[in-house]
Amino acid sequence: MRIHNIIACLCLLLSATGMRAYEERNLLQNLATKAQVRDALVMNQEWVTYPPYQDRQAWDRFLGPLKDYYIKRGEAQLKYEWKVVRATDYLEFERSGSRVAMERPYNANVQAIADLLMAELAEGKGRFLDQLINGVFLSCEMTSWALSAHTVMQRSRRTLPSDQERVFDLVDGDMGNMLSWTYYFLKDAFDKVDPEISRRLRHELQQKVMDSYLQNNSYWWMGRGQKGSTQNNWNPWCNRNALITFMLLENDRDTLAQAVCESMRSVDQYLNFINGDGACDEGPAYWTHAAGMLIDYLELLSAVTQGKLNLLSHKLVRDMGEYISNSYVGNGWVVNFADATAKGGGDPFLVYRYGKDVGSQDMMQYAAVLRGQKAVPAPNRDVWRVLRAIDVSAELAAQAPSKVAQPFVWYPETEFCYMTSQEGLFLAAKGGHNAESHNHNDMGSFNLYIDQQPVIIDLGVGTYTRQTFSADRYKIWTMQSDYHNLPRINGMSELPGGQYRSRGTVARPGFFSADIAGGFPAEAKAQRWTRSYALKGDQLVVTDDFQLEEAVAPSVVNFMTWGDVREASPGHVSITVNGVRAQLDYDAKAFTLEIQPREVDDTRLSNVWGKRVFRLSFTPRQMQKKGRYRFTIKKV
């Protein structure tokens with residue numbers, strides 16, 4: 001694929017090409033006029049609640065027992081050898097599709113800066129300043145802070161950054177976040193070494209972030225002049241970072257008001273575009289960068305306007321937050337549709353303060369469950385989140401952990417459905433369409449968990465490469481419906497696109513069904529294919545009720561699983577996962593079974609599933625135009 005086509009695919013695939021019902025809510029712009037925003041602004045960084053660098057007693061109180069932790073991390077970076085991100089590292093994305101060549105040295109440098117910054121704030125003796133200045137000045141020397149996978153947004157459609165054009169992407173904004181806080185806290189300390197350090201840093205932040213944000217109207221994620229434009233996590237993420245930089249650096253009231261109002265208009269495009277049920281169709285792994293970035297943005301907006309622009313009590317915002325706690329299965333597993341991973345559950349500090357902001361006790365208790373996996377807010381390039389995590393760390397430590405899966409959760413617009421049984425089964429099923437953000441062709445698929453272990457699985461996505469966001473995306477096997485828990489109708493697989501969608505979806509406690517024939521091309525000749533899931537007690541019954549125009553090829557039904565898989569006897573498949581035993585029953589007279597192992601050589605997948613997964617393929621012995629298939633999966 002030619003490199004100049006990548007940008008088109010990036011915008012189409014990454015920015016959620018789905019067919020959604022755009023609703024012009026304009027929740028933020030309806031809070032205040034531009035004049036009211038201007039008058040409400042808190043100027044000269046008086047909104048900042050963190051102590052100045054020089055106030056050592058205040059920093060000791062703020063950090064408490066975390067002080068030594070941050071200092072030790074900084075000490076480990078005192079002899080760090082700063083890495084050059086070479087021109088060929090950027091070009092490697094064009095040549096092989098690899099993002100890692102550029103991102104590995106870049107991320108190592110960024111992490112060193114984050115560690116050194118927090119160490120200096122914690123200790124305050126200047127011991128980390130020289131090494132931090134090295135990192136800051138090296139960053140200033142970079143032509144762009146954008147990733148090689150995103151510099152293709154340049155007019156040249158090439159990856160090597162141009163000094164004639166700025167690219168505001170996710171990481172450019174993250175760097176603005178980190179380096180703006182660095183400037184805010186340490187400008188005076190830098191000036192004592194050499195005023196050129198802070199002057200240069202302020203200059204680069206102005207050009208790379210602030211000017212880029214206000215002067216470039218071509219970024220798809222902004223939605224400028226594009227009513228109903230497609231949006232995803234890029235929107236709140238980039239707008240949040242831009243707002244942080246302006247709030248920390250801009251002291252002209254009119255310019256700050258312009259930036260704040262522009263951010264409100266842009267984030268409204270995101271809030272207008274997302275489904276009103278609060279679900280994140282990008283999956284739990286992206287919630288942190290979607291709804292999570294939105295709550296950051298809303299906190300900042302409230303802070304810089306003296307609390308006068310506050311959307312935290314809105315039901316949509318709360319529903320978006322509780323999606324993450326609803327999607328937690330237990331034992332570290334989450335419901336993973338699309339590009340999300342099956343392990344995780346979110347940042348406990350972010351989940352806690354989101355719950356606190358919106359008044360969700362469920363989220364705060366769930367955050368305490370997550371805290372067992374991450375008890376300390378580690379330094380990273382998102383300095384705002386590190387500081388906010390420290391703000392709530394003591395409260396979170398005192399919060400009693402609790403998370404019990406709800407018996408039934410239904411997101412009617414996104415068509416995600418979760419249900420549980422008292423016997424320990426958790427079903428996640430979906431309808432919807434095949435143009436979701438970070439889409440997989442998985443409309444109608446499901447995941448089944450028994451005693452908090454995934455048994456029928458969604459693999460997720462492998463390591464991102466150029467192909468992941470290209471026209472060849474659906475050549476990747478994990479994106480294909482054939483490697484989800486779906487039928488292959490008349491030899492045809494599901495196709496991508498907003499037109500490939502479910503019909504007549506029904507969800508109620510213990511039952512979910514959808515006609516998924518619309519997910520397949522016309523060549524599948526499917527008049528109707530109703531996939532249903534009935535959950536009761538210790539078993540799930542999966543039924544396919546179908547009507548074809550004609551049967552021209554076998555309609556194979558596939559299920560993905562892992563662990564110890566074997567055919568115990570005709571009609572019975574034994575599945576054992578981490579001590580949990582399940583059995584899949586089928587009609588051996590009606591189907592032949594093939595247990596197909598699939599080697600997993602991508603570390604992003606193998607770290608979750610191990611080196612091998614299995615596809616269970618059930619091929620009907622006789623082709624039928626009309627019929628009903630039935631499979632039962634039960635706890636043993």
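Read-outs throughout are calculated quantities, based only on the coordinates presented, and are distinct from any laboratory measurement. Source: prediction; values computed, not measured. Here Cβ is always computed from backbone atoms with ideal geometry, including for glycine, and neighbour counts include all displayed protein chains.
Structure values in brief
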item	result
Model label zone, D191; criterion: amide N under 18 Å from point 7 Å along Cα-to-beta-carbon; scope region 42-80	44-46, 52-55
Long pairs among K403/K589; K356/K475; K187/K227; K343/K635; K227/K525, criterion Cα-Cα beyond 32 Å	K403/K589; K356/K475; K187/K227; K227/K525
Inter-part distance where region 277-354 and region 551-610 are each reduced to a Cα centre, Å	34
Kirkwood Rh in Å, taken over region 35-111 so that all alpha-carbon pairs contribute	16.9
Positive dipole terminus of region 408-635, leading residue within M479, H433, L535 (C-beta point charges)	L535
FRET E, pair D362, K227, Förster distance 30 Å, beta-carbon r, rounded to 0.05	0.30
Aspartates and glutamates with Cα under 16 Å of K611, excluding same-chain neighbours fewer than 8 positions away	D458, D564, E599, D601, D602
Label-point separation in nm, T33 to E395, each point 7 Å along Cα→Cβ	3.5
For R581, residues with placed amide H under 5 Å, excluding near neighbours	V636
Modelled FRET efficiency - R0 30 Å, D211 with N331, Cβ distances, 0.05 increments	0.05
Stretch in the chain that is longest and holds no GluC sites (Glu not before Pro) that DSSP places in a loop and that have at most 16 other beta carbons within 10 Å	166-412
Value of [θ]222 nm, deg cm²/dmol, for the chain, DSSP H segments ≥ 4, -39500 (n - 2.57) each, nearest 500	-11500 deg cm²/dmol
Estimated inter-spin distance, A378 and R127, nm [label 7 Å along Cα→Cβ]	2.2
Percentage relative contact order, the chain, counting C-alpha pairs under 8 Å, at least six apart	12
D564/V404 FRET efficiency (R0 35 Å; Cβ-Cβ; nearest 0.05)	0.75
Neighbour cut-off at most 16 other Cβ (10 Å), DSSP loop, chymotrypsin sites (Phe, Trp or Tyr not before Pro), region 416-524	Y464
Cα gyration tensor shape of region 408-635, rounded if a/c is under 1.5, else prolate or oblate by comparing a/b with b/c	rounded
Distance from region 18-80 to region 435-476 (C-alpha centre basis), Å	34
Sequence-distant aspartates and glutamates (8 or more away, or on other chains) whose Cα lies within less than 19 Å of K125	D55, D60, D68, E75, D115, D188, D191, D194
